[in-house]
Amino acid sequence: MCDFYYLNRQANDNASATIEAARRLGIRIVLARCFYDWDGAPVSYRETIPQAVANFEALAARYQDRTRFLTAVQPAPHSQHGATPAMIEAGAGCARDAGVPWHIHLAEEQYQVAQSLERHGLRPLHAVAALPVDLSQMIAVHGCWFDAGERALLAERGGSLAYCPGSNMFLGDGVTDLVDLVGRGVKVGLGTDGGCSNNRVSVFDEMRTAALLQKVHRVDGQAIDAETCFALGTRTAGEVLRLPIGRIAPGYRCDLVAVDLDDPSLWPVQALEKNVVYSLSPRAVSDVVVDGQEVVASRRLCHVALDEIQARVGKVTTGWRRA
């Protein structure tokens, strides 16, 4: 799981709580700690550059796991509208010093392109590329409105992309040209974005959504195949995060998801990757192993009771009003 986390309140308490919750569940987490200094944002989002740098370094020093990679801490200057150019430079600089990637939302919505042109005279990716930052360590998020020049630049400079088709559809953002990016050799990993824009945080959902959205966008049922979309949610997603995960092979961590081949959604078992992408039912997922340890066994969480989670959700949301 990669959590692009920005409710920091000028400290690390909330990020630490998120990491500790992931540890208790037994899941692998990348905490993409946000760098955010737009003065129009809520106070809980904002930090000065020295605060963001110091807090990132402290969080990384406490949690960065370079042996089992169960916890990774990576800097995330939020976006062009959420982070000033100096804050983006600071986040990318922390990534360089720590030897990890950095994350940034770019060209998610059309207005962000217009805003970048107005403020910087350049489209989003070109404006970021003009800064003293390493694009080969950058993970751009969304990129719905990258034009051909930006997609070419991303490929030339070795940048990566986190593609969140379910969220993009929910928000009406637009459609990232995934087919062109993959064709240019850009490393793309599937993401879900957050709970406020995606009610089903499932990489299997994103595989199916990515395939179908690209086909309808190009009006071509052969625009992208199931095998490519399966890889985007497994092998290349691990490569984007620079973690040894996503493959069952020597040198990779032992992360496994078991599916029940007796589940009707996977019949007939002739082209399993196609079945997983297009027809898999959530009920077919039976077991999950993270770094060799079971975290889901026979469809039940191993380390935390679901009743406890339900009770805590109920307590936290008491008094919330339906919008």
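Points to keep in mind about this one:
- Any hit, segment 189-211, residues being part of a strand (DSSP E or B), crowded, with 20+ Cβ neighbours inside 10 Å and in contact (Cβ under 8 Å) with a residue 12 or more places away in the chain: yes
- Residue count for segment 261-278 under the criterion of being surrounded by 15 or more Cβ atoms within 10 Å (Cβ to Cβ) and assigned to a loop (DSSP other than H, G, I, E, B): the result is 1.
- Tabulated pairs, segment 229-257, first touching a residue at least 12 places away in the same chain (Cβ under 8 Å), second of a type in the set (Lys, Arg) and assigned to a helix (DSSP H, G or I), C-beta under 6 angstrom, 6+ apart or interchain: Gly246/Arg235; Arg247/Arg235
- When residues in segment 102-135 are screened for being part of a loop (DSSP other than H, G, I, E, B), surrounded by fewer than 22 Cβ atoms within 10 Å (Cβ to Cβ) and touching a residue at least 60 places away in the same chain (Cβ under 8 Å), 1 of them pass.
- Within segment 291-314, being over 23 Å from Asp263 (Cα atoms) and open to solvent by less than 90 Å² (accessible area, probe 1.4 Å) holds for Asp291, Gly292, Val304, Ala305, Glu308, Ile309, Ala311, Val313, Gly314.
- Of all residues in segment 145-167, those satisfying the criterion of being of a type outside the set (Phe, Trp, Tyr), outside any strand (DSSP E or B) and open to solvent by 10 Å² or more (accessible area, probe 1.4 Å) are Asp147, Ala148, Gly149, Arg151, Ala152, Leu153, Ala155, Glu156, Arg157, Gly158, Gly166.
- Condition check for Phe170: among the aromatic types (Phe, Trp, Tyr) and either open to solvent by less than 40 Å² (accessible area, probe 1.4 Å) or closer than 23 Å to Ala155 by Cβ (or both): no
- Residue that is over 30 Å from Asp255 (Cβ atoms) and modelled with pLDDT of 95 or more, where the choices are Leu122, Leu106: Leu122
- Test: residue in segment 51-64 that is modelled with pLDDT under 95 and either open to solvent by less than 50 Å² (accessible area, probe 1.4 Å) or in a helix (DSSP H, G or I) (or both): no
- Lone qualifier among Ile88, Ile139 - being assigned to a strand (DSSP E or B) and under 13 Å from Pro75 (Cβ atoms): Ile139
- Failed item in (1) modelled with pLDDT of 95 or more; (2) open to solvent by 40 Å² or more (accessible area, probe 1.4 Å), with Ile245 passing the rest: (2)
The values are calculated or read from the model by the stated rules, or taken from the named source; none is laboratory data. What you are looking at is a predicted structure, and each value in this text was computed from that prediction instead of being measured. Neighbour counts run over all protein chains shown; Cβ positions are idealised from the backbone, glycine included. Keep in mind that these areas ignore ligands, DNA and RNA; they rest on the heavy atoms of the full protein, side chains included. Shrake-Rupley method; radii C 1.70, N 1.55, O 1.52, S 1.80 Å.
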